[in-house]
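Asker: The structure under discussion is supplied below as structure tokens; questions concerning it will follow.
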Amino acid sequence: MQHFILNFSICLFSLWLVYKLLLENVSWHRFKRFYLLGSLVISAVIPFLVVRTVTIPLPQSTPLVFPELEVMETTTATTGFEFDWSSVLLLVYVIGVLIMAFRFIKNLYALRIKSTDEIRGYEAYTLVLRKLIEVPHSFLTRIYASITDFKSGAIPDSVLQHEKAHLDQKHSLDILAIEVLLILMWFNPLLYLIKYSIKLNHEFLADQAVLANGVDTKTYQETLLAYSSNSQNRALANTFNFPIIKKRFTIMKTRTSNTSLVFRSLALIPVIALLVISCGKEETEFIEIEEIIIIEDDSNDTNQKLIVVDPNDPDLSITINGKPHFYQIKGDQIDIFNEAGELQDFESQGYEVRIAEIVEIIEVIAEISTEDIKEYNQLAILHQQKMKLDNQLIVLKDKTLRMQMLYYSMNEVQQANNEPWPYLGKGNDVKAGQIPPPPPPASPLDYIENAGDHINYYIDDEKVTAEKAKSFLKKNGNKGVQIMPVNGVNSLKMYTRVGVLRGT
């Protein structure tokens, strides 16, 4: 919303300034009318035009997912009084809207036909005669005039022709449109400037129409001077003695050539183009990488051969030169085995073996609220307490991802003034906003070392001891064995085919 208001105001001021400098004193009043109305539309549209798209990848380690544990919600104790300026500004805005709406309705109500009014016809329109009217004015299909002046013949026909011109050209619709905008954006002073320029141009148009009907210019100007001493003015109506009489006299004598019109109109093109570029919307696009791409290069150039393994692949499998292989990652070391469980040395064949870098797209909140920041603080404290209790890094699945989204939604000042990222200072390389990566998978041999005789082991459906299972693994290749549960969590089967560790 702030983006729209700021850029709307910049566009509207720029277009209004062009009007004041190039167009106000020319005689193309009809063109100026649509220019002023068009300025409001253009200024409202430009902030929504997407003129540039910024692509932002957010690198992040893939989170380790643990079953979500039920924990007691922790609340943060707040000290001091926090003043909510957003609520105050919203209240002020609403009060302003209500005041302007009341003013608008009051002005409409004043233009109703009263029981004391005398109704007559003036050509195709209604002539409302009433007391306490000093200057004739018009609105929609009615002309309002003093009953005393009308019956005494003190109102020249040129005055009524002037008001009729307002009604013929439907100037009341322009006033109604700008009044509705003033209700919604009462705080914007530029709308009041535009309204004044629109009403003044209406007077230029009405004066032009009266003079085109054959009224003598000097006589008409004398009539304007006779009414200029009266000061009655209405927000919604078009009034005959609208201020700046001298300017109206000058415009009556102005004649602008078509060539000048063309050149002044062409000057609008670079102005509008510059406004679109500077005030248009900048769209942020996040690129989501859905899968890891394995690059295989059979080129004769050994420097171009590359094998990329995915540390988060549950099968730890990869196809190289059309054949299935399996791998294990220990720190920076990557061991690759063929289907028979034999360790392969691809480096000596000119291959470069890498661990895939994963770019994770993190959703953020466009406008983070105080409630969102409070929720982040609660989640950060919750993680700190859990890690202190269990003496290890803890990831709570959805809660951790929610905490990460809230952290990235805050700006640097908010991040510094609230709870620190809970994984910092835990003896790891995790940066602020990052979730610890999963630990490397245990080997089958390590699995049996830790489990001991508490689990039953089978080799090709034959039950064996833990020692025989370990001996089997050492003999047949620790990395080329698959352990699978059989008949519950206390029984495991071991197969000699290559696979992955599936723990219980």
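Asker: Name the single residue that is nearest to the chain's Cα centre (by Cα) among those in the stretch 7-54 being of a type in the set (S, T, N, Q) and open to solvent by less than 40 Å² (accessible area, probe 1.4 Å).
Answerer: So, considering only residues that are of a type in the set (S, T, N, Q) and open to solvent by less than 40 Å² (accessible area, probe 1.4 Å), the one nearest to the chain's Cα centre (by Cα) is ASN7.
Asker: For the stretch 127-163, name all the residues that are buried (at least 22 other Cβ atoms within 10 Å of the Cβ) and assigned to a helix (DSSP H, G or I).
Answerer: Residues satisfying the conditions are VAL159, HIS162, GLU163.
Asker: Restrict the check to the stretch 340-356 and report whether at least one residue is out of contact with any Lys or Arg (no Cβ under 9 Å at 6 or more places or on another chain) and within 18 Å of ILE435 (Cβ to Cβ).
Answerer: Within the stretch 340-356, one or more residues are out of contact with any Lys or Arg (no Cβ under 9 Å at 6 or more places or on another chain) and within 18 Å of ILE435 (Cβ to Cβ).
Asker: Something else now. From the residues in the stretch 315-345 that are touching a helix residue (DSSP H, G or I) at 6+ places or on another chain (Cβ under 9 Å) and acidic (Asp, Glu), which one is least open to solvent (accessible area, probe 1.4 Å)?
Answerer: The qualifying residue least open to solvent (accessible area, probe 1.4 Å) is ASP335.
Asker: Going through the stretch 102-126 one residue at a time, which ones are part of a strand (DSSP E or B) and more than 18 Å from VAL210 (Cα to Cα)?
Answerer: Within the stretch 102-126, the subset part of a strand (DSSP E or B) is 118-122, 125-126.
Residues satisfying the conditions are GLU118, ILE119, ARG120, GLY121, THR126.
Asker: Return the pairs, sorted by first residue and then second, in which the second residue is charged (D, E, K, R) and surrounded by fewer than 20 Cβ atoms within 10 Å (Cβ to Cβ), the first residue lies in the stretch 33-49 and is farther than 20 Å from HIS171 by Cα, the beta carbons are less than 8 Å apart, and the residues are 6+ apart or on different chains.
Answerer: So the pair list comes out as PRO47/LYS281; PHE48/LYS281; LEU49/LYS281.
Asker: Counting residues that are of a type in the set (Val, Ile, Thr) and open to solvent by 10 Å² or more (accessible area, probe 1.4 Å), which helices (runs of 4 or more DSSP H) fully inside the stretch 169-229 reach at least 2?
Answerer: 171-184, 217-228
Asker: Mind checking whether some residue in the stretch 365-376 is touching a residue at least 24 places away in the same chain (Cβ under 8 Å), over 17 Å from PRO422 (Cβ atoms) and among the aromatic types (Phe, Trp, Tyr)?
Answerer: no
Asker: Could you list all residues from the stretch 374-386 that are surrounded by 19 or more Cβ atoms within 10 Å (Cβ to Cβ) and within 16 Å of ALA432 (Cβ to Cβ)?
Answerer: Answer for the stretch 374-386, where residues must be surrounded by 19 or more Cβ atoms within 10 Å (Cβ to Cβ) and within 16 Å of ALA432 (Cβ to Cβ): TYR376, LEU379, ALA380, HIS383.
Asker: Considering only residues that are over 25 Å from PRO189 (Cα atoms), out of contact with any Ser or Thr (no Cβ under 9 Å at 6 or more places or on another chain) and exposed (fewer than 15 other Cβ atoms within 10 Å of the Cβ), which ones fall in the stretch 93-116?
Answerer: Across the stretch 93-116, the qualifying residues are TYR109, ALA110, ARG112, LYS114, SER115, THR116.
The values are calculated or read from the model by the stated rules, or taken from the named source; none is laboratory data. Small disclaimer: the values here were computed from a predicted structure and weren't measured. Using ideal geometry, Cβ is built from the backbone for each residue, glycine included, and neighbour counts are taken over all protein chains shown. With ligands, DNA and RNA removed, areas are computed over all heavy atoms of the protein, side chains included. Shrake-Rupley method; radii C 1.70, N 1.55, O 1.52, S 1.80 Å.
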